[in-house]
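One structure is given here, and the rest of the page talks about it.
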């Protein structure tokens, strides 16, 4: 079975083409905003970023956030490296003091079914692109949820946060993200601490009760002062009449 | 240990007492003005000739009596806010005033001389329709109250119910009016709209239905708006569609007779609903047969019903307002007609004949900065020669009451618009002419050494002259008795005092009237009425240019936004004189979402106002080339945020150089769970003096002073007491970063919040413990500052430490604000307006999350008060001693030139202005400071030193000789 060489080449190239497009498709990831269930009970949402010289946001997938619902929601991040092209662009954006933005879709962490998780819209945040470059892509991303597990906000800061204008020479520094990620729910604000206060008061009264000196009556405690005062009064009143008489006479 | 705590507490309390006023200081630094609101019912006390009171009932649910000589309040009763306390009707009989309150919930009788309550009864439920006094044989003994489904009759003397009857067919018939002509019958008039009038006649004695009939009236929809009873029980209605009057004799007829107005030779302005106005001077007698018919906006007719025929007595054209008044047996008609552009004239006419009474013209001056006259209240009285004299009270659109005596003397005016202040600002007064002259010298560009010297000399001369004249005035005034020295406040003599304690209060009221009030005396210096203000307008007042930029006049801008459409207009004015500025504000065809004042100034020193419209386009005002250029330069550092509470969305934008914007962050709080109720930033004019707090171990805890921080308060949609909560989000307004997120469980609003320095204080209702609680959040950077020179939201990677503590507060609160001083050195107090009318000055040190539960050596070193769960209200903390501020809605604080002093204005139904000294007057000598003693001691010491020095010298010399 000897097929013509041209046909062979054509088949090969077609195959290659199909394969190649497939690969490209894979690279591109899922449709933006897709939520995927993962094996270990969590689910994943895309984390997207955008940095453009003209500052018109064009979000591309940066990685996938694997969120795990539950009482203590946890999160993990798998993210791609920055390509050569992106690195150059990021530096370019940093040079014009552009913004590096990220966004995540609004999701509900607590829901069981996938359909309930997804909400319309995105949560966005930004840092200055220069800060991103100068910190060598080390950023801290925190996701904030509300009481019922809805994602309400995302924030990103870089460490260090300042733009000092230092040139990043080594291209390698801009390849891998060094991300610290956390999910934060609301803290319960404290109410008035009455129990502890009452306890303290009780302890004080007890102490007072134990201390015999405190139990003594007013007279028992200060008899010497009262006596002294009384003597003083008597003495002074005894001394007064002559003096008064004297003043009357003059 | 306990002793130590006690000592410590004592010490703290002693240290932190607020300087309360002494008896002789009452009214020295403070003033209060009491208002009643927009008048809806008013009656003159016609009991005696010398009576000098008018009773008014207002939209603000206030019932009061005013002194007609001075306009001051005799007494005032303030009822509950909202429909619960709404005054439905005011009937006046002799010494008693009857009020129906709260949609027919209560019937009250007041004694009008002293304002005491005679009696009060609770009426049966049902929505109120009408009320009237019922008399028989010239004696008025009863009052009838008509409700949707029932009519009840009560004795005037004690309020007891005589009888109550259900109205027949009340499901279909809309009963609207009750009438009695004094013949023992009570007529209840109802209508089935566009079908017929239903009339039920009750017997006064036992409430039995005497008669019941209905009359065809397909053109009628509202009896009260278009009908009146005239003469001997003649129901007369006016209809605009058929341009005719309909008449019905209630006693005999069962059909209405139509009288086309054309047959009377009358014409109605097209589209105008004719209005009938009759008068019934005595409830025990039928109404008079004379009545007014308004046929156009400015045309009134005095008509008479004579043997079933209508006769035109007089045609008043133009006539703005008409009113009947009765004194003795005489009834007169007062007619206000426009005279020229600055005044209106009021004339009296005999009601019986329509003849004009001689010498009864009264001139009502129209205020060019006021509104049009809206209502005319006439007090008529018989003079000695039996002629009729009168005074009038005119109410204008801007809620002003003006009381005028013949021939046009304005006795008093009351600016009732001030009972509803929406927002206010305090503006520094300008310098005096001489000071301004000096300022001008430095302001102008230098032109040669010689001319500068000359200028300097001349201004010094002017100063000298001013000083001498001041001395002369002092000397001159000192010779006069104190009572004669009056300091009238006028625009001319308004000038800044040494410590900038006197300022101009610019107040914006809901009616659209602006006021300029001198803060020292409370005198209204200027007023300006803005007509065409939408009914539900939101106001934002901004000071664009202060008085510091002589010769440029100060400039305030008022943003008026229609809440429904979002369309806004700007009113630019001079806050000192109230005059509209020559600067033309930009036209804003798009709804405005946000406005922000930048610290950037144009070449005329006016701060730039940015307005963001619904297309997220930004426009600047003023928008000169200079401004646009500056904006372009700093565009990338201008951020703003928008809040859409209906979607729970907070979004941040950045300005671009072409004045468009870009969305840079978004935070979305799902509305299913909680809704955003308020967003509070910090005040831009706030200074924080100390960057940190020194702790017990001498280290410093630095404050997190983020000027862009926003405190967002949310409330849960679930209102069940077990599940309801309130949330508090601290968000950076530039980056959208959530700095802190907390929920207060089992809590609900209304939440009052104050956000300042590095702390947020809020008050809420705890549904679990059923009490009001205060909570304080403080933010600290830690013991090291990240960047001590400048704060940038973009470069603060570390989250601050958050401390929080809560306390029980024994009262609910109406409003809350923090004191503000020039440099922020003085400790802060919270000013809390209580529903009881007190204004509490609570030291911030009691709301400090670092208050320790267990006292340690270090906390004592730091002067921290040991934690106690309850905040007590000490009576000496009330800054308004016995000057109750009723229904306080807002507190405004402004710094003065003295660091220790903060100016406070509390507004609600009343306005109260005072000064507070949170750390006492550390920079002021006391009033009774003994200058003589200190100077004589100093002198004595000086001489003693001189003498002893001399003596010592002599002694030394003598010793040397020895």
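Shown here: the range B:242-302, whose C-alpha atoms stretch 37, 27, 17 Å along the first, second and third principal axes, sorted largest to smallest.
So what's the range B:794-931 giving for Cα Rg divided by 2.2 N^0.38 Å, two decimals? Don't jump to the answer; show the numbers that get you there.
Working: Rg = 17.3 Å, N = 138, 2.2 N^0.38 = 14.3 Å.
Working it through for the range B:794-931, the quotient is 1.21.
For the range B:515-598, the Cα-based Rg and Dmax, in that order, read 13.9, 42 Å. Say R0 is 60 Å: what FRET efficiency, to the nearest 0.05, do residue B:411 and residue B:163 get from their beta-carbon distance? The value I calculate is 0.85.
Each principal axis of the Cα atoms in the range B:851-960 has its own extent, and those three values, largest first, are 81, 43, 23 angstrom.
Between residue B:463 and residue B:931, what FRET efficiency comes out of the Förster formula 1/(1 + (r/R0)^6) with R0 = 35 Å and r the beta carbon distance, rounded to 0.05? Intermediate results must be reported in sequence, preceding the final value.
Working: r = 25 Å, r/R0 = 0.72.
Here the calculated transfer efficiency is 0.90.
Peptide A:161-167 shows a mean partner chain C-beta count of 3 within 10 Å per residue C-beta. Taking the square roots of five times each eigenvalue of the Cα gyration tensor of the range B:705-767, the equivalent ellipsoid has semi-axes of 24, 12, 7 Å, listed largest first. Under 1.5 on a/c is rounded, so check that first for the range B:291-405, then, if it is not, pick prolate when a/b is larger than b/c and oblate when it is not; a ≥ b ≥ c are the square roots of the alpha carbon gyration tensor eigenvalues. Taking the square roots of the gyration eigenvalues as a ≥ b ≥ c, the range B:291-405 is oblate.
Run the Debye formula on the Cα coordinates of the range B:290-351, all scatterers equal and no solvent, and tell me log10 I(q)/I(0) at q = 0.19 1/Å. The calculated log intensity ratios at q = 0.19 Å⁻¹ are -0.70.
Express the Stokes-Einstein translational diffusion coefficient of the range B:342-417 in µm² s⁻¹, to the nearest whole number, given a Kirkwood radius over alpha-carbon pairs, 10 °C and a viscosity of 1.306 mPa s. Kindly include the intermediate steps, with their values, before the conclusion.
Numbers: Rh = 13.1 Å.
Answer from the Stokes-Einstein relation: 121 µm²/s.
Kindly provide log₁₀ I(q)/I(0) values, in the same order as q = 0.13, 0.18 Å⁻¹, from the Debye equation applied to equal alpha-carbon scatterers of the range B:665-812. For the range B:665-812 at q = 0.13, 0.18 Å⁻¹, log10 I(q)/I(0) is -0.63, -1.08. Rounded to the nearest 500, the 222 nm mean residue ellipticity of chain B from helices alone is -3500 deg cm²/dmol, with -39,500 (n - 2.57) taken per DSSP H run of at least 4 residues. Cα centroid separation, the range B:820-838 to the range B:381-436: 33 Å.
Roughly what percent of Cα-Cα pairs across chain B reach past 48 Å? Please report the intermediate quantities before stating the final value.
Numbers: 187527 of 462241 pairs.
For chain B, the share of Cα pairs beyond 48 Å comes to 41 percent.
Computed on the Cα atoms alone, the convex hull of the range B:896-954 gives a volume of 104 cubic angstrom per residue.
Divide, for the range B:27-162, the radius of gyration over alpha carbons by 2.2 N^0.38 Å, where N is the residue count. Write out the running numbers ahead of the final one.
On the way: Rg = 15.7 Å, N = 136, 2.2 N^0.38 = 14.2 Å.
For the range B:27-162, the normalised Cα radius of gyration is 1.10.
Dividing the radius of gyration of the alpha carbons in the range B:570-682 by their Kirkwood radius gives 1.02 for Rg/Rh.
Here the Kirkwood formula puts the hydrodynamic radius of the range B:225-351 at 15.1 Å, using every distinct Cα pair. Placing pseudo-labels 7 Å out from each Cα toward the beta carbon at residue A:201 and residue A:76 gives an inter-label distance of 5.3 nm. Among B:762, B:867, B:616, a tally of other beta-carbon atoms within 10 Å of each Cβ gives an order, fewest to most, of B:616, B:867, B:762.
Could you work out the relative contact order of the range B:570-663, using alpha carbon pairs under 8 angstrom and six or more residues apart, expressed as a whole percent? Relative contact order for the range B:570-663 comes out at 18 percent. Separation of the range B:341-371 from the range B:119-171 is 38 Å, based on Cα centroids.
Using only the alpha-carbon atoms, how far is helix B:625-634 inclined from the longest principal axis of chain B? Give it as 0 to 90 degrees, nearest 10. Approximately 60 degrees, to the nearest ten. Based on Cα contacts under 8 Å between residues 6+ apart, the range B:546-596 shows a relative contact order of 29 percent. Annotation: the range B:187-265 has a Kirkwood hydrodynamic radius of 13.1 angstrom, from the mean reciprocal C-alpha pair distance. Considering all C-alpha pairs of the range B:158-303, those separated by over 22 Å amount to 41%. Mean projection of the Cα convex hull over all viewing directions, computed for the range A:130-185: 4.1 nm². Using only the Cα atoms of the range B:648-748, build the gyration tensor, take square roots of its eigenvalues as a ≥ b ≥ c, and label the shape rounded, prolate or oblate: rounded if a/c is under 1.5, else prolate if a/b is larger than b/c, else oblate. Oblate shape, in that a/c is at least 1.5 and b/c is the bigger or equal ratio.
Scaling against 2.2 N^0.38 Å puts the C-alpha radius of gyration of the range A:65-210 at 1.55.
For the range B:159-220, state the average projected area of the convex hull of the C-alpha atoms over all orientations, rounded to one decimal in nm².
On the way: hull surface 18.3 nm².
Reported value for the Cα convex hull: 4.6 nm².
The value given for the protein assembly as shown is a Kirkwood hydrodynamic radius of 37.3 Å, derived from the mean inverse Cα-Cα separation.
Against the main long axis of the alpha-carbon atoms of chain B, helix B:433-443 sits at an angle near 50°.
When a/c is below 1.5 the answer is rounded, else prolate if a/b is larger than b/c, else oblate, so apply that to the range B:447-600 with a ≥ b ≥ c taken from the square roots of the Cα gyration tensor eigenvalues. Verdict is oblate for the range B:447-600. Here the contact order of chain B, divided by its residue count and restricted to Cα pairs under 8 Å and six or more residues apart, works out to 6 percent.
Coordinate-derived values only; no laboratory data. Fair warning: this is a prediction, and the values are worked out from it, not measured in the lab. A quick note on method: Cβ atoms are made from the backbone with ideal geometry, for glycine too, and the neighbour counts reach across all protein chains shown.
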